[in-house]
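Student: Below you'll find the structure I mean.
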Amino acid sequence: MGAILEMFQTQWRSAVEILILAVLLYQLFISFKATRAARIALGILILIGGLFLLSSLLKLEVIGFILRGLLYVVGTGIVVLFQPELRRLLEKLSTRFFIFSEKKSGFLDAFQDTVQSLSNKRYGALFAFERGIDLSQLVESGVEINADFSKELMQTIFHPRTSLHDGGVILKGETVVRAACVFPISQRQMLDRSIGLRHRAALGITEESDAIAVVVSEETGLVSLCRNGTLEGHVKPSELGARLERMMSGRGNDSLKTKELPDDEPQEDSAP
């Protein structure tokens, strides 16, 4: 027993280091596994590993010397290759720590006011809030915007006579990343036939990611909220900001209640 205690006292730092490295490697694997850059890097590593093994077995000293020199170049190249993914990872870490500061609460108030305005004007709209999962892996369509969120910008995008009104908007924090995006459509058979394409797209994007979607009906102006493949209609715009804050910050238990959309809700002709 004394030997075990002594070993724990001398080796606990090593155990902590291994645990930290394991967590970091797992997070990197989760962040990069679905990217094109990951497949390229894997191919490079397999090629170099195979050459190292071949040079070691056949004692090819010149090739081994060249490969050892290339390791520095390959290491730098991998950092450059993964630069967009590393940037997104750092953005996610900072967002998780600071996402709901006072500035974020002000943004949600502005978003709530914007949704209320779109509802009053009967402008069909679809928003997806990006969270932990990068939506660019699911949505490669649309027009790049990269602009600060504003009511005027959203009213312009979703105006029925603009070229961007068909489709969804992706929000990352307070930034409008892309507009006119085609979201994956939910293929669940139990869906009510009265649910339009915008609502099916909201279900689809939340089934395949941890995003939160907000829909404004073009026909009725009703607001719907969608998360984890669950759609709640008849959401009061005056409560939208507070509910989004609770959902994204993880404070409290704000589960969605499935509510039927009205019988006169049509199949929306506009693409999601």
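The values are calculated or read from the model by the stated rules, or taken from the named source; none is laboratory data. Only a predicted model underlies this, so the values are computations on that prediction, with no experimental measurement involved. Here Cβ is always computed from backbone atoms with ideal geometry, including for glycine, and neighbour counts include all displayed protein chains.
Student: Being modelled with pLDDT under 90 and in contact with a Ser or Thr (Cβ under 9 Å, 6 or more places away or on another chain): is that true of LEU231 here?
Tutor: Details: modelled with pLDDT under 90: no; in contact with a Ser or Thr (Cβ under 9 Å, 6 or more places away or on another chain): yes.
So LEU231 does not fit the description; no.
Student: Scan the range 144-151 and tell me whether some residue there is more than 20 Å from MET248 (Cβ to Cβ) and either modelled with pLDDT under 90 or crowded, with 20+ Cβ neighbours inside 10 Å (or both).
Tutor: no
Student: Do we have SER105 as of a type outside the set (A, V, I, L, M), assigned by TED's automatic domain parsing to the domain that holds PRO237 and modelled with pLDDT of 85 or more here?
Tutor: Values: of a type outside the set (A, V, I, L, M): yes; assigned by TED's automatic domain parsing to the domain that holds PRO237: yes; modelled with pLDDT of 85 or more: no.
No, not satisfied.
Student: Quick one: is SER163 at pLDDT below 70, assigned by TED's automatic domain parsing to the domain that holds SER224 and out of contact with any Ser or Thr (no Cβ under 6 Å at 6 or more places or on another chain)?
Tutor: Criteria not met by SER163.
Student: I would also like to ask the following. State which residue is surrounded by the most Cβ atoms within 10 Å (Cβ to Cβ) when the search covers only the range 205-233 and only residues that are among the acidic types (Asp, Glu) and in contact (Cβ under 8 Å) with a residue 60 or more places away in the chain.
Tutor: Taking the range 205-233 as the starting set, the residues that turn out to be among the acidic types (Asp, Glu) are 207-208, 210, 218-219, 232.
Among the residues that remain, those that are also in contact (Cβ under 8 Å) with a residue 60 or more places away in the chain are: 208, 210, 218-219.
Numbers: GLU208: 17, ASP210: 13, GLU218: 22, GLU219: 14.
Within the range 205-233, the match that is surrounded by the most Cβ atoms within 10 Å (Cβ to Cβ) is GLU218.
Student: Among the residues of the range 152-179, write down those that are among the small types (Gly, Ala, Ser) and either within 13 Å of THR114 (Cβ to Cβ) or surrounded by fewer than 20 Cβ atoms within 10 Å (Cβ to Cβ) (or both). Break it down stepwise before answering.
Tutor: Quick first cut of the range 152-179, residues among the small types (Gly, Ala, Ser) only: 163, 167-168, 173, 179.
Hits for the range 152-179 are SER163, GLY173.
Student: Let me ask something additional. Identify the residue in the range 59-89 that is charged (D, E, K, R) and at pLDDT 70 or above and, among all such residues, is nearest to LEU42 (Cα to Cα). Don't jump to the end; show me each part of the working.
Tutor: Start the filter on the range 59-89 by keeping residues that are charged (D, E, K, R), which leaves 59, 61, 68, 85, 87-88.
Cutting the leftovers down to at pLDDT 70 or above gives us 59, 61, 68.
Numbers: LYS59: 25, GLU61: 25, ARG68: 18 Å.
Within the range 59-89, the match that is nearest to LEU42 (Cα to Cα) is ARG68.
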